[in-house]
Amino acid sequence: MNWKLAARAEKMNPSVIREILKVTERPGIISLAGGLPSPKTFPVSAFAEACAEVLHKDGRAALQYAASEGYAPLREAVAAMLPWPVDPAQVLITTGSQQGLDLIAKVLLDPGSRVLVETPTYLGALQAFSPMEPEPVSVASDDQGVLVDDLVAKSKDARFVYLLPNFQNPTGRTMAEERRAAVSAAAAKAGLPIVEDNPYGDLWFDEAPPLPLTARNPDGCIYLGSFSKVLAPGLRLGFLVAPKAIFPKLLQAKQAADLHSPGFNQRMVAEVMKDGFLDRHVPTIRALYKRQRDAMLAALAREMKGLGVEFNKPAGGMFLWVRLPEGMDAAALLPKAVERGVAFVPGAPFYAGASDARALRLSFVTASVEEIDTAITALGEAVREQLAHNAAAEVERQLAASPV
């Protein structure tokens with residue numbers, strides 16, 4: 001058959017992370033690559049009880065088609081847990097927060113539309129936006145996120161700016177209160193909508209992050225959240241909160257995409273969440289991830305000492321950002337690391353514009369403390385080997401360039 005692809009399909013690319021995850025399935029590989037929550041945090045017994053209760057109490061309704069907006073008690077629970085007044089009628093339950101990005105792209109983007117993103121930004125968002133054929137514009141950023149002056153300079157005719165203020169994927173950085181206030185004010189003045197993605201905001205280690213951007217200007221923002229990081233990703237449940245002016249179109253896009261997110265899963269989550277379960281459960285996740293972050297920081301400090309490797313100290317979330325020494329390439333380093341039994345994600349795919357070949361992302365939440373120590377030791381060996389190789393190549397280059 002002569003299958004002719006749509007122009008948008010030609011622009012779709014496989015997820016770099018998903019491709020790397022295939023490598024991690026090999027025996028003996030410790031993966032610091034994927035953003036997979038630790039299975040130790042999944043409340044299996046709570047879901048077993050919720051499953052039985054949902055089937056016993058309302059099994060037929062749970063297994064039937066359902067409202068596209070989502071299960072009303074779950075929408076009410078989402079509205080109640082957010083730190084600003086939210087009407088449950090503005091909450092749309094999605095099939096993972098990734099679907100929220102897809103719906104936003106379908107509703108707000110045309111071919112050639114400008115969409116502003118951080119430098120770097122979440123790869124999954126770039127993939128979700130890509131089929132609508134927009135023009136992603138990278139906004140200059142520092143360790144607290146986008147720089148306000150550059151955001152304002154690039155805001156003209158942009159459909160929205162996509163931001164992850166809390167423990168950002170991939171860098172782990174967090175936007176401070178002063179920057180949030182400035183970004184919110186500048187966006188409002190420019191008439192620039194904000195899409196605020198917050199899958200990691202509950203995973204803080206020492207103190208909760210500042211109020212969301214959406215809380216400062218609810219009519220100018222769409223807010224995305226997820227149950228994947230605090231309950232279980234296999235449920236594929238997330239949510240978005242949208243202004244009433246745009247909500248009906250997002251709902252129509254949802255209806256066209258999949259009718260509704262799994263009603264049975266929604267009822268189970270609502271059942272699990274009742275009686276303050278998340279208030280008891282999430283602190284155990286924070287404690288585990290903090291121990292694992294600390295183990296990774298300690299191992300990096302030991303193994304990368306004197307090598308010119310830079311890394312940050314995220315205050316929460318799941319990721320840590322590393323920058324290799326001058327002249328190194330993270331993509332070229334990856335095969336050498338895999339040979340030693342460790343995988344990571346090169347940073348270049350997270351950039352909408354010019355990329356940083358020296359950057360890479362490490363996840364500290366899935367591997368155990370012992371595995372993290374082993375993996376960082378192996379990564380250090382790979383870095384030292386590459387540095388030695390680069391030095392030898394430079395000597396050869398200089399000798400070749402010298403007159404005989």
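Condition check ((1) charged (D, E, K, R); (2) surrounded by fewer than 20 Cβ atoms within 10 Å (Cβ to Cβ); (3) within 16 Å of the chain's Cα centre (by Cα)) across all residues:
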{"position": "VAL91", "(1), (2), (3)": "no, no, no"}
{"position": "GLN99", "(1), (2), (3)": "no, no, yes"}
{"position": "GLU135", "(1), (2), (3)": "yes, yes, no"}
{"position": "ASP157", "(1), (2), (3)": "yes, yes, no"}
{"position": "GLU178", "(1), (2), (3)": "yes, yes, no"}
>> Here's a check for you: in region 98-155, which residue that is without any contact (Cβ under 8 Å) to a residue 12 or more places away in the chain and among the hydrophobic types (A, V, I, L, M, F, W, C) is nearest to PHE319 (Cα to Cα)?
In response: LEU147
> What do you reckon, is LEU251 in contact (Cβ under 8 Å) with a residue 40 or more places away in the chain, part of a loop (DSSP other than H, G, I, E, B), out of contact with any helix residue (DSSP H, G or I) (no Cβ under 6 Å at 6 or more places or on another chain) and not polar (S, T, N, Q)?
Replying inline: no
>> Just checking, does region 107-127 include any residue being buried (at least 23 other Cβ atoms within 10 Å of the Cβ), of a type in the set (S, T, N, Q) and in a loop (DSSP other than H, G, I, E, B)?
In response: yes
> Somewhere in region 221-239, is a residue in contact with a His (Cβ under 8 Å, 6 or more places away or on another chain) and closer than 19 Å to ALA315 by Cα?
Replying inline: yes
>> Looking only at helices (runs of 4 or more DSSP H) that lie completely in region 1-79, which have at least 1 residues being among the small types (Gly, Ala, Ser) and surrounded by 19 or more Cβ atoms within 10 Å (Cβ to Cβ)?
In response: 44-62
> Can you find even one residue in region 296-315 that is in the same structural domain as LEU126 (by TED's automatic domain parsing) and in contact with a strand residue (DSSP E or B) (Cβ under 8 Å, 6 or more places away or on another chain)?
Replying inline: no
> Which residues, taken from region 305-337, are buried (at least 20 other Cβ atoms within 10 Å of the Cβ) and not in a loop (DSSP other than H, G, I, E, B)?
Replying inline: GLY316, PHE319, LEU320, TRP321, VAL322, ALA330, LEU333, LEU334, ALA337
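Considering region 128-165 alone, what residues qualify as being polar (S, T, N, Q), assigned to a loop (DSSP other than H, G, I, E, B) and closer than 24 Å to GLY201 by Cβ? Outline the logic, then answer.
Going through region 128-165, the residues polar (S, T, N, Q) turn out to be 130, 138, 141, 144, 155.
Of the ones still in play, those that are also assigned to a loop (DSSP other than H, G, I, E, B) are 144, 155.
The one that is polar (S, T, N, Q), assigned to a loop (DSSP other than H, G, I, E, B) and closer than 24 Å to GLY201 by Cβ: GLN144.
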>> Pairs needed: first member in region 61-75, at pLDDT 95 or above; second member anywhere, polar (S, T, N, Q) and in a loop (DSSP other than H, G, I, E, B); C-beta distance under 7 Å; at least 6 residues apart or different chains.
In response: GLY70/SER261
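The values are calculated or read from the model by the stated rules, or taken from the named source; none is laboratory data. Keep in mind that what you see is a predicted model, and the values were worked out from it rather than measured. Glycine also receives a Cβ, built like all others from the backbone with ideal geometry; neighbour counts cover every protein chain displayed.
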